[in-house]
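Nothing in this text is a laboratory measurement; each read-out follows from the coordinates by a stated rule. Just so it is clear, the model here is predicted, and its values are computed rather than measured. Because the Cβ atoms are built from the backbone with ideal geometry, glycine has one as well, and the counts that use them run over all protein chains shown.
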Amino acid sequence: MRPLSTQCNRQEFLSDYFEKQPLLLKGAALGSSFSIHDLESILHSINAKPPRVNVFLNGPLHWSYYAQSRGDPDTASECRFESGKLRDLLNQGATVSLDKIHQLSPAIAAHCGEVSALLDQSPVVANGYLCMGGEGSFGAHWDTHDVFAVQLIGRKRWQVFEPTYPLPLNFQSSHMQKDRCPATPLMDFILEKGDIFYLPRGWWHEAQPLTDTSFHISIGVHSQKAIDFASWVCEVKLPAHICARKTFQNNGKLREVGEILSDLIADPTVQGEYLLSIQKQRRSSSPFDLSYLSNQSEKQFQDPPLYLNSTYFKIDDDTAIVNGNIVGIDKDADNVLKIVRDNPGIRAVKICGMLGIGGRDLDFYISSLIGADILNTGIPDVTNKK
């Protein structure tokens, strides 16, 4: 799969589309390794109960309509799909929703990584939606997070309507405002296998299955909003000022509180501290590389494709944040990271030529960086810019 960043210019996307307007990328995910057999494997092994799994047909169904206990005393609370019941529901127009499916599929995790690399945002979460026809299960609605819909199997008709409440927050749903959806769609198209569709939060939309089997993932981008930053400033910085600690009633210093808050929010140093606090909370979930985990003295390096993890964030010349911890990064390691950052999927042999160093030395750096969860092999997770 070609990196999404090579098919969609990052700066152009951020300036022209992000939080502004939808974007359809035809064929951008045609190289996906996800197959219908992967989906069948997930359906076989997943615990088929809410909140991980939901089935919708004129509203959510109780799990007993489509699943039964596994019958294993050690997993008494878990259920499995009943194929016959699920088939009947799908043929009636039901939709199966699979929550956080990126945790179950390295291929879908790779798509999440591509989105995070494009936006320099985490976390992103992928939910999967399986259907086989019908009229759709959700009707017109808006989402409270930005979405990248990736069609992996089959196709689906999408209708998109202009927003009536732009950029809603996570508690501002469309549930009680269905009558405000515009009558005429701005976009009406078929999302085909391999297509990616970006939809900003707040845009009304309705996805309707066609007659064939359809499976798409919805990658939700849960970005930090300006209101999150303001709340952090109120919690972390504002309490240092006595005027903010005074009782609200009969407080003659409220204007002073507002001025201090305004100054703090506009302070680049405070903004940098907030960004650093976000980076310290980020965690990566790297794919396992058993060749790396084997005994180092016996391991023959396999020259895998290399990718940066979501949690590598450079602080200064010799330190970085990795999985919430501050670690030392020397010049040689940083040179490797810069090359991998700018060339996701590059292999060690090519890096040797670019840096003019021997394979054994590079093997040491790459092994150390993989061990620190700064690099991963084989599956792109997320690439953060410095």
Two-site label geometry, residue 354 and residue 339: point separation in nm, points 7 Å out along Cα→Cβ: 0.6
A 18 angstrom limit on the alpha carbon distance is what I want to check against. Which of 314/350; 100/280; 280/314 exceed it? 314/350; 100/280
Phi to ³J(HN,Hα) by Karplus 6.51 cos²θ - 1.76 cosθ + 1.60 over region 366-371, Hz, x for Gly, Pro: 5, 4, 5, 6, 5, x
Let's see if you can work this out: charge +1 on each Lys and Arg Cβ, -1 on each Asp and Glu Cβ, no other charges. What is the dipole magnitude of the chain about its Cα centre, in debye to the nearest 20? 440
How much FRET efficiency would the formula 1/(1 + (r/R0)^6) give for residue 52 and residue 85, where r is the Cβ-Cβ distance and R0 is 22 Å, rounded to 0.05? 0.80
How large is the Rg to Rh ratio of region 60-167 when both quantities use alpha carbon positions and Rh follows Kirkwood? 1.01
Of 42, 217, 251, which is farthest along the charge dipole of the chain in the positive direction, counting Lys and Arg as +1 and Asp and Glu as -1 at C-beta? 251
For region 226-281, the dipole about the Cα centre with charges only on Cβ (Lys and Arg +1, Asp and Glu -1), to the nearest 20 debye, works out at 240
What translational D, rounded to a whole number of µm²/s, comes out for the chain from Stokes-Einstein when the hydrodynamic radius is the Kirkwood one over Cα pairs, at 4 °C and 1.567 mPa s? 55
Point-to-point label distance, residue 367-residue 187, nm (Cα→Cβ direction, 7 Å offset): 4.8
Give me the one-decimal nm value for the distance between modelled label points at residue 172 and residue 20, 7 Å along each residue's Cα-to-Cβ direction. 2.0
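Ranked highest first by average number of other Cβ atoms within 10 Å, how do 170-183, 22-35, 211-224 line up? Before the final figure, lay out the partial values.
On the way: 170-183: 11.4, 22-35: 16.3, 211-224: 19.4.
Highest-to-lowest ranking by the protection proxy: 211-224, 22-35, 170-183.
Determine one quarter of the surface area of the Cα convex hull of region 105-208, which equals its mean projected area, and express it in nm² to one decimal. Mind showing how you got there, number by number?
Details: hull surface 28.2 nm².
If you wrap the Cα atoms of region 105-208 in a convex hull and average its projections, you get 7.1 nm².
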Cα-based reach from residue 49 at 19 Å (exclusive), listing aspartates and glutamates while leaving out same-chain residues under 8 positions away: 40, 72, 74, 78, 82, 88, 99
Length-normalised contact order of the chain, Cα under 8 Å, at least 6 apart, in percent, tallies to 17
Cross-link candidates for residue 178: which aspartates and glutamates have Cα within less than 20 Å, leaving aside residues fewer than 8 places away along the same chain? 135, 143, 146, 162, 188, 206
Which of rounded, prolate, oblate describes region 99-147, given a ≥ b ≥ c as roots of the alpha-carbon gyration tensor eigenvalues and a/c under 1.5 marking rounded, otherwise prolate only if a/b is larger than b/c? oblate
Give the cross-link partners of residue 253 among the lysines, using a straight C-alpha distance below 21 Å as the criterion and excluding same-chain residues fewer than 8 apart. 237
